[in-house]
Each structure stands twice: as C-alpha cells, then as structure tokens.
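Okay, so here's the structure we're looking at.
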Amino acid sequence: MTLVLAATPLGNPLDASARLKKAIESAEIIAAEDSRRFHRLASDLEVTFTARIISFFEGNEKERTAEILSLLREGKEVLVVTDAGMPTISDPGFRLMRDAITENLPTVVIPGPSAPTMAIALSGLPTDRFTFEGFAPRAQGARNTFYEKLRFEERTMVIFEAPHRLHESLVEAAEVLGGTRRAAICREMTKTYEETIRGSLAELITWSDSREVLGEITLVIAGVEEGSQSKSADDAVARVREYEQAGMDRKAAIATVAEELSLPKKIVYAAVVDANKMSR
C-alpha cells in the first residue's frame, strides 16, 4: 500500500525516466489527470500496463482523494501522474499527499521534469534563491495585487501564465516592478518549438505585442537588489518631509510621493508612520 507521485515529461517523451516506465508497467491503479493524454504518453514511451485508470483532476480532486486513500488502506498501490511535470506543483496531488502523510500511509516520489526549475535554469537569472508563485491571477485587479506583493521580493520569481494573458500580465508587472526589471519568457519547454526570450520587462512587452503567443508559458522575473525596500522607504519618507516643509499637508504629500516613486500610498504611509515612531 504505497502512494507514488511520479513526474512525467513536459513534452519530450525522451525525458521520461526508466523508473517512471517501470512504475507504469507495474502499477495496480493509476490516477491520471487526463486519461487520454496518459494513454498517449504510455504509447510514446512504448510501455504496456494492466492498471485500472481513474481520473484525478482539479474538478474531482476532493472526492478522488477520499477514494484513493480508501484504496491505500486496503493495501493497494496507487500511481499518480498529471499531464506534465510533478504532481502537486500547480497540479492535483497536494491534498492527497498531505492526507496520506497524516494517516502515516507510505508515500514515494519519482523525480523528474519540472517546469519551474527548468525555466529558472534557462532564464540566466540568479538561481541561488527563488520563489515559485504558481499561476498569476486571471482578473486584472487581482493580478495587479499579485505583482504588488512581489514588488520588493529579493528572490528570482517563477510564474505560470496563460499565453493569451501574457502581454497584459507583462504590462502590469512592468507597471509595478519597473520596465527595466530583467526577466525571461520560457515557451514550450522541451517541445519542438521551444524558445526562451530574455530581456527587460519592457523588451518582453514589445516581443509579446508583435506576435500571437501560443503554448505553455513560464515567466521568470529577477528579484530586487537586497535592501531595496528599506531604501525605497527611506527615499519616500525624505520626500514626504520635503513636501511638508514646503507647506503641503501630510495626506497630499504622501499621495504625491507615492505617484513620484510608483509606490502604493499605503506603503508610503506605513513608511512615514514607522519613521515617526523611530524619531520619538
């Protein structure tokens, strides 16, 4: 009775490990995100299997988790695969893995292809520290808030984005993070038309605006220089005090500085409040 999570190729079947092939051949039950794509993968890998295939995708993950846990308790071995990459990484599997661990059921992970790590390696951006942010929100307001929270992130950021939303997402990222911020678009990794476009966010906006973007997209964005948040706060406080000394009231000064430095007003306000506390 073992739960096995296995990474599958992002696109190129040659990336499949011998261990994955063996797991497919010997599995009793295979929980697949898309059964048709799994059958195609098995065909590409030239492996045969006798396992019972059950669907396991975002829409039925809660119900299937309960079913799979029951199968594990009965002594069955269940292999979990998603359409591409590692289960649980922006794919089904987290709830199942968490609950299996809670019940002290045996768990195994078969490592393999992963879009976030491949993209950060391709980007040429710092890899010593990075953060995976999953998919950027679909709605414009939520996406803007998403990038606002990353404004002072010092680690390299890895983000999934839909091809039809890439351009507007890059525009919003540039508005918040600055057009000069270094970044990379990794498209169709391991597939026939794989390409990586590197440059500033402004340059990537120009690139995405000049063509129809298709395929799987992973966006990698450089973090800010260490200490940038403190420096921005100090600059904001200094500018607010200059305006106050010139006769402007604090509320107007904060709004003016926020616009000048392209910072949210709440950040400038918080910086001024903190500075006043320190000076007492």
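The values are calculated or read from the model by the stated rules, or taken from the named source; none is laboratory data. Everything numeric here is computed off the predicted structure, so don't read it as measured data. Cβ coordinates were reconstructed from backbone atoms using ideal geometry, including for glycine residues, and neighbour counts include every protein chain displayed.
A compact table of results
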item	result
Cross-chain or 6+ apart pairs with Cβ under 6 Å, segment 12-27 first and closer than 18 Å to Thr2 by Cβ, then of a type outside the set (Lys, Arg) and part of a loop (DSSP other than H, G, I, E, B)	Ser17/Gly112; Lys21/Val47; Ile24/Val47; Ile24/Phe49; Glu25/Val47; Glu25/Phe49; Ala27/Ala51
Helices (runs of 4 or more DSSP H) contained in segment 88-176 and holding at least 1 residues touching a Lys or Arg at 6+ places or on another chain (Cβ under 9 Å), surrounded by 15 or more Cβ atoms within 10 Å (Cβ to Cβ) and assigned by TED's automatic domain parsing to the domain that holds Val213	115-123, 140-149
Positions within segment 67-85 being assigned to a loop (DSSP other than H, G, I, E, B) and either closer than 24 Å to Ala115 by Cα or not small (Gly, Ala, Ser) (or both), in sequence order	Glu74, Lys76, Glu77, Thr82, Asp83, Ala84
Residue in segment 142-159 that is modelled with pLDDT of 95 or more, in contact with a helix residue (DSSP H, G or I) (Cβ under 7 Å, 6 or more places away or on another chain) and among the charged types (D, E, K, R) present	yes
Pick from segment 44-87, criterion of a type in the set (A, V, I, L, M) and under 20 Å from the mean Cα position of the chain (by Cα), ranking: surrounded by the most Cβ atoms within 10 Å (Cβ to Cβ)	Val81
Elements of type helices (runs of 4 or more DSSP H) in segment 193-280, at least 3 residues being not assigned by TED's automatic domain parsing to the domain that holds Leu177	228-245, 250-260, 265-279
Pair list, Cβ < 6 Å and 6+ apart or interchain, from segment 56-76 residues that are free of Cβ contacts under 8 Å to residues at least 40 places away in the same chain and closer than 19 Å to Pro106 by Cβ to residues that are of a type in the set (Ser, Thr, Tyr) and exposed (fewer than 10 other Cβ atoms within 10 Å of the Cβ)	none
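One line per residue, one yes/no per condition, for (1) surrounded by 14 or more Cβ atoms within 10 Å (Cβ to Cβ); (2) at pLDDT 85 or above; (3) under 25 Å from the mean Cα position of the chain (by Cα); (4) of a type in the set (S, T, N, Q):
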residue: Glu195; (1), (2), (3), (4): no, yes, yes, no
residue: Val213; (1), (2), (3), (4): yes, yes, yes, no
residue: Gly223; (1), (2), (3), (4): yes, yes, yes, no
residue: Lys231; (1), (2), (3), (4): no, no, no, no
residue: Asp234; (1), (2), (3), (4): no, no, no, no
residue: Ala238; (1), (2), (3), (4): no, no, no, no
residue: Met248; (1), (2), (3), (4): yes, yes, no, no
residue: Ala275; (1), (2), (3), (4): yes, no, no, no
